[in-house]
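J.: If you scroll down you'll find the structure; I have some questions about it.
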Amino acid sequence: MRLILLAAPGAGKGTQAEMLSEHYGIPSISTGAILRKNISEGTELGKIAAEYINDGKLIPDDLMIKVMDERFKQDDCKNGFILDGFPRTIAQAEALSASDIVIDKVLSLEVDDETIVERLGGRLECKSCGATYHTEHRTPKIEGKCDKCGGELGVRSDDKPETVRERLKTYHAQTEPLIEYYREKGLLCVAKGRSEIADTSKAVLEALEA
Ligand code: AP5
C-alpha cells in the first residue's frame with residue numbers, strides 16, 4: 001500500500017499515520033519529522049527549513065522534492081509507505097506523479113479550523129523520538145515524560161497561536177487544492193475526524209477499506 005494522508009496541520013495526520021503504520025506493517029514518512037531532525041542536527045537543510053517552519057510557510061518545492069527523492073530510495077520503502085505531509089503543493093504532486101512511484105490511495109481527513117486551533121494548543125511532543133501527546137486527549141502515563149522512550153515532552157515551536165494561524169492559511173491556499181487534484185485522479189477517499197482518537201482511527205480504516 002502506498003498511501004498519502006492529506007489534512008490540515010494538527011488534524012491528526014501523525015496520530016493516524018502511526019496507527020496505519022502498525023496496521024499495515026509499512027513505514028510512515030513524516031516530512032515534518034525529517035525537517036525537524038535536520039533542524040536539531042544543524043544541517044544546511046535544517047537551517048533553511050527553520051526559517052520557513054517558524055513562519056508557518058512551506059519549504060520550497062525543489063528542496064522538498066529532492067529530500068523525498070532520496071527518502072524513497074531507502075530500503076524500507078520497498079513494500080509501501082504512508083506519506084504524512086507530502087505532497088503539499090500541486091508542484092510536489094506533479095513531481096511524485098512523474099516519478100515511477102504508483103500511489104494506491106489518498107486519504108483526506110476532514111477537521112475544521114476551530115478544532116485544530118484547540119488541539120494544537122494542547123499538543124506535546126517528545127523532544128527525543130517525536131511521539132505526540134495531548135494535554136487532554138492523549139496524556140502520557142507520567143507527566144512530562146514520553147511513554148515510548150522516557151524523553152522530555154515539550155511544545156513545538158510552530159504551535160504558537162500566531163504560527164498556527166499562518167499554517168492554516170498556507171494549508172488552505174497551497175495544499176487544499178490537492179483534494180480536487182486527487183479526486184479527479186480517482187484516488188481520493190474521505191474520513192471525518194472525530195473528537196476521540198480511537199473513533200477517528202475507526203473512520204479512517206472504514207474509509208480506506210470501503
Ligand atoms: P508537519 O510536521 O507535517 O506539520 P503539520 O502538517 O502542520 O501537521 P502536524 O504535525 O502539526 O499535525 P498532525 O496533522 O500530524 O496532527 P497530530 O497527529 O500531531 O510539518 C511542519 C512544517 O514542515 C510545515 O508547516 C512546513 O513548514 C514544513 N513541511 C512539511 N512537509 C512539507 C512539504 N511537503 N513541503 C513543504 N514544507 C513542508 O495531532 C495534533 C494534536 O491533536 C496532537 O496533540 C494529538 O494527540 C491530538 N489529536 C489527534 N487526533 C485527535 C482526535 N481525533 N481527537 C482529539 N485529539 C486528537
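J.: Find the residue count for region 1-42, including only residues that are farther than 23 Å from GLY122 by Cβ, among the charged types (D, E, K, R) and outside any strand (DSSP E or B).
T.: 3
J.: Something else now. Say we look at region 116-154 and pick out the residues that are acidic (Asp, Glu) and open to solvent by 80 Å² or more (accessible area, probe 1.4 Å); which of these is farthest from the chain's Cα centre (by Cα)?
T.: So, considering only residues that are acidic (Asp, Glu) and open to solvent by 80 Å² or more (accessible area, probe 1.4 Å), the one farthest from the chain's Cα centre (by Cα) is GLU143.
J.: Out of the residues in region 160-193 meeting the condition of being modelled with pLDDT of 95 or more and in a loop (DSSP other than H, G, I, E, B), tell me which one is surrounded by the fewest Cβ atoms within 10 Å (Cβ to Cβ).
T.: Only one residue fits best here, namely GLY186.
J.: Out of LEU96, LEU178, LEU107, I need the residue that is within 11 Å of the ligand (Cβ to nearest atom) and in contact with a strand residue (DSSP E or B) (Cβ under 8 Å, 6 or more places away or on another chain). Which one?
T.: LEU178
J.: A further question on this structure: Read through the list (1) at pLDDT 95 or above; (2) within 25 Å of LYS127 (Cα to Cα); (3) out of contact with any Lys or Arg (no Cβ under 7 Å at 6 or more places or on another chain), then give the number of the only condition that SER157 fails.
T.: Of (1) at pLDDT 95 or above; (2) within 25 Å of LYS127 (Cα to Cα); (3) out of contact with any Lys or Arg (no Cβ under 7 Å at 6 or more places or on another chain), only one is false for SER157: (1).
J.: Right, something else. Would you be able to say whether some residue in region 45-64 is open to solvent by 20 Å² or more (accessible area, probe 1.4 Å), of a type outside the set (A, V, I, L, M, F, W, C) and more than 12 Å from the ligand (Cβ to nearest atom)?
T.: Scanning region 45-64, I find at least one residue that is open to solvent by 20 Å² or more (accessible area, probe 1.4 Å), of a type outside the set (A, V, I, L, M, F, W, C) and more than 12 Å from the ligand (Cβ to nearest atom), so the answer is yes.
J.: I'd like the residue in region 19-36 that is within 11 Å of the ligand (Cβ to nearest atom) and in contact (Cβ under 8 Å) with a residue 40 or more places away in the chain and, out of all such residues, is farthest from SER128 (Cα to Cα).
T.: The residue in question is MET19.
J.: Which of the residues that make up region 8-25 are under 14 Å from VAL106 (Cβ atoms) and under 8 Å from the mean Cα position of the chain (by Cα)?
T.: Within region 8-25, LYS13, ALA17 meet the criteria.
J.: How many of the residues making up region 65-88 are under 15 Å from the mean Cα position of the chain (by Cα) and either among the polar types (S, T, N, Q) or more than 11 Å from the ligand (Cβ to nearest atom) (or both)?
T.: Total satisfying the criteria: 2.
J.: Okay, next question. Give the residues of region 133-146 that are in a loop (DSSP other than H, G, I, E, B), away from the ligand (no atom under 12 Å from the Cβ) and at negative phi, sorted by residue number.
T.: Hits for region 133-146 are LYS141, ILE142, GLU143, CYS146.
The values are calculated or read from the model by the stated rules, or taken from the named source; none is laboratory data. Model, not experiment: these values are computed from the prediction. A quick note on method: Cβ atoms are made from the backbone with ideal geometry, for glycine too, and the neighbour counts reach across all protein chains shown. We work out accessible area using only protein heavy atoms, side chains counted, and drop any ligands, DNA or RNA first. Shrake-Rupley method; radii C 1.70, N 1.55, O 1.52, S 1.80 Å.
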